[in-house]
1. Which of the pairs Lys336/Lys381; Lys336/Lys421; Lys226/Lys397 have their Cα atoms more than 20 Å apart in this structure?
2. For region 44-171, what does the relative contact order come out to in percent, with C-alpha contacts under 8 Å and a separation of six or more?
3. Using only Cα atoms, locate the centre of region 315-361 and the centre of region 166-202, then give the distance between them in Å, rounded to an integer.
4. In nm, give the distance between the simple-model label positions of Lys97 and Glu83, each being 7 Å from the Cα along the Cα-to-Cβ direction.
5. If amide H atoms are built 1.01 Å from N in the plane of the peptide, which residues on other chains or at least 5 residues away come under 5 Å of the amide H of Phe268?
6. Under a Cβ-only charge scheme (Lys and Arg +1, Asp and Glu -1), can you give me the dipole magnitude of region 88-235 about the Cα centre, in debye to the nearest 20?
7. Quick one: length gained pulling Glu350 to Thr110 fully straight, 0.36 nm per residue minus the C-alpha distance?
8. Which value in nm describes the separation of the simple spin-label points at Lys336 and Arg309, placed 7 Å from the Cα toward the beta carbon?
Amino acid sequence: MCFLFQQSYTVLKEEDILHRQEDDVTRVSTVLSITRVAASILLRHYNWSVSKVHDAWFADEDAVRKSVGLLDKQVVQFSNARELTCGICFESIPCDKIISAACGHPFCNTCWSGYISTTINDGPGCLMLRCPDPSCRAAVGQDMINLLAPGGDKEKYSRYLLRSYIEDNRKTKWCPAPGCDYAIDFAAGSGSFDVSCLCSHSFCWNCAEEAHRPVDCGTVTKWILKNSAESENMNWILANSKPCPKCKRPIEKNQGCMHITCTPPCKFEFCWLCLGAWSDHGERTGGFYACNRYEAAKQEGAYDESERRREMAKNSLERYTHYYERWASNQLSRQKALVDLHQMQTVHLEKLSDIHCTPESQLKFIAEAWLQIVECRRVLKWTYAYGFYLHEHEHAKRQFFEYLQGEAESGLERLHQCAEKELQQFLAADGPSKEFDEFRTKLAGLTRYSCNYTTIIKASLYTPCISVTKNYFENLVRALENGLADVDSHGACSKTTSSKNASVSKGKGGKGKGGKTGGSSKNGDD
């Protein structure tokens, strides 16, 4: 990938998780001089934090033992009788078939197995299993689970124990991709919450939505909610329909004359413009395609409020549609790019290697270009959510943002065009050609170029090209990280961006695989 971050996380496979879990148990067991079973119980109680276990234990060992259920001596002493009464079934059971936890309360093997099995099947709460005696708080450790639980229940318990190491730890999370068993260990304070799992799924550590830098989690939450909420349906109804004057049912008129008949059982006939009864209309009021009553009432201000509300709803809907279509278009383009990337890695690279007599290791620049396209599409997609919530009255900020966005998209379209279209001639070639070396140089250069422009939007570090470009993009990165604060509220940019128009390429208004660029010119409500 072209975006360079100081990786602040580690992807953990199942064996990595087990290894870390065993290491933590060993550390606690060694330092506190307790059994591994007791160490595991302590760690589960303190959410697998070794430091918290040590701090609490050395502060007040007795209090910790009491709260966790680690008894240092038996509560109940066995007699020398050959049989004991089970505390659950109350049967007299030979002593060799009686088992107890650290407390000493006697229960038979059968009752223990039933108790443990029922608790495990009830869910992860089995990890905090206690003695069956209602008055006892003694913990039941994994040694007794392994001894008494059926095979299937042992496996369930082990899975719960493994998952608790990730789910109870504030520094680790499971990858949210369906079917993925990898976990992420995240180092706080890195500045970026974007995480890429080994399964190829990228997500935000903070909110678990898909990776969305440079847009903050709050904006993403609002955008996703808006996309799924009923508010836009109501806006559409308000902007494109009028209520029947009699039954108030909303009616859409998409063609035809002004004579409207409501659906049964209402069947009220009225004028679409003035909403008056059609029986009062005719040639004298303007016929079927006009209404002079409406025009007269409109001049008197009778429809001002309803027309204003309808116009506001229409503008708001058009503005939302503008951003949503481009957001969704880049999402579809990204999904298509992922398919193309997979096909490139599994089929085309080998084919190109055979045609042009070039090792696959020297064709990695093509896969890198497609990886860049995938990442750029994701970043560009979320800039439309950013633009939707950028205040309309901040004209200078909006103009500057749309300039950055347009430059990023025009660079991406050139890269996408080269990687998708221009590559086809070399896949269909009969043998090596000099043009392929030129293509290699062009694609590699576009990858860096597109990376730089997209990194402005992503507010991250980038691979430097020439010094002028590097300085230019550093200024833009800084501007976006500061919330475009360098843009003067009166419409002028600060000196870091004042020279931008001197070298602007006119690519902002172009269309490409990601849809149209730039912000909306509509002035509706957010």
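1. Exceeds cut-off: Lys226/Lys397.
2. Once normalised by length, the contact order is 23 percent.
3. 25
4. The two pseudo-label positions are separated by 1.0 nm.
5. Cys262
6. My answer is approximately 220 debye.
7. Answer, rounded to one decimal: 80.2 nm.
8. For the pair Lys336/Arg309, the computed spacing is 4.2 nm.
The values are calculated or read from the model by the stated rules, or taken from the named source; none is laboratory data. Please read all numbers here as calculations on a predicted model, not as lab measurements. Here the Cβ is made from the backbone with ideal geometry for all residues, glycine too, and neighbour counts use every protein chain on show. With ligands, DNA and RNA removed, areas are computed over all heavy atoms of the protein, side chains included. Shrake-Rupley method; radii C 1.70, N 1.55, O 1.52, S 1.80 Å.
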